[in-house]
Amino acid sequence: MPNQVMAQRELRFRTWGGKRKGAGRKAVGDRARLRHAKRPVLKRRFPVHVTWRMRPEVWKLTTHRCFRVLARAFWGGCNRFGFRLVHYSVQGNHMHLLVEAQDERSLARGMNGLGVRVAKGLNRVMGRSGKVLEERYHGHILKTPTEVRNARAYLSNNANHHIGIVGDDPYSSKWPLVAPETYLMRFSMRELR
């Protein structure tokens, strides 16, 4: 028996994942809610209706302190990187924007810059740090004069829909922040006069 060599036992590691259905790390939190689909191609001649949601822990956006910060962010980031913020409507936990951009890249850069301004300002007001925006923005490309007219009407009447404000909404733009360049936006402005 002393000359007999002991066989080494095989060491097995637990493994998770693999190439089977449902394998791998499960999505948690933000990743579970939003799948990152490729955005549609944006042409310079089309405006975009953008919706942005805030995280639940962010204060109500229609308070005087928060709205003052948002207005400053809108004015500071309204015309940068080939991106133009023309109209806005701020609600309690989200905002609607009508924007113009040269292409998808300038839209993304402009929205990112605007998001940084909004997040820094709101975090400063709330005395906190961390994420402010719930998820990435949702953009709908407006391709007809009717779509643009309906989007502008939606922005101006959105407060009535959400909180029952009748008349002028103090948290939406009555006039453009910058003069629109797209024909569709200029045409819809002429129509509303």
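When residue 143 is tested against the conditions (1) closer than 28 Å to residue 188 by Cβ; (2) surrounded by 16 or more Cβ atoms within 10 Å (Cβ to Cβ), the lone failure is (2). Just name the residue that is surrounded by the most Cβ atoms within 10 Å (Cβ to Cβ) out of those in region 45-99 that are more than 14 Å from the chain's Cα centre (by Cα) and of a type in the set (D, E, K, R). Residue satisfying both the conditions and the ranking: 84.
Listed by first and then second residue, the pairs linking a residue in region 50-70 that is over 14 Å from residue 127 (Cβ atoms) to a residue that is among the basic types (Lys, Arg) and not in a helix (DSSP H, G or I), with Cβ atoms under 8 Å apart and 6 or more places separating them unless they lie on different chains, are 55/131. Looking at residue 5, is it under 30 Å from residue 146 (Cβ atoms), of a type in the set (Val, Ile, Thr) and modelled with pLDDT under 85? Here the answer is no, as residue 5 does not meet what is asked.
Residue by residue, here is whether (1) more than 20 Å from the chain's Cα centre (by Cα); (2) farther than 18 Å from residue 107 by Cα; (3) buried (at least 20 other Cβ atoms within 10 Å of the Cβ); (4) modelled with pLDDT under 85 holds:
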| residue | (1), (2), (3), (4) |
| --- | --- |
| 133 | no, no, no, no |
| 160 | yes, yes, no, yes |
| 182 | yes, no, yes, no |
| 190 | yes, yes, no, yes |
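Counting only residues that are over 21 Å from residue 45 (Cβ atoms) and in contact with a Leu (Cβ under 9 Å, 6 or more places away or on another chain), which one in region 101-116 is surrounded by the fewest Cβ atoms within 10 Å (Cβ to Cβ)? Please lay out each step first, then the result.
Keep residues of region 101-116 that are over 21 Å from residue 45 (Cβ atoms), which gives 112-116.
This time we only want the ones that are in contact with a Leu (Cβ under 9 Å, 6 or more places away or on another chain), so: 114-115.
Details: 114: 25, 115: 17.
That would be 115.
The values are calculated or read from the model by the stated rules, or taken from the named source; none is laboratory data. A quick note: this is a predicted structure, and the numbers were derived from the prediction, not measured. Backbone-built Cβ (ideal geometry, glycine too); neighbour counts: all protein chains shown.
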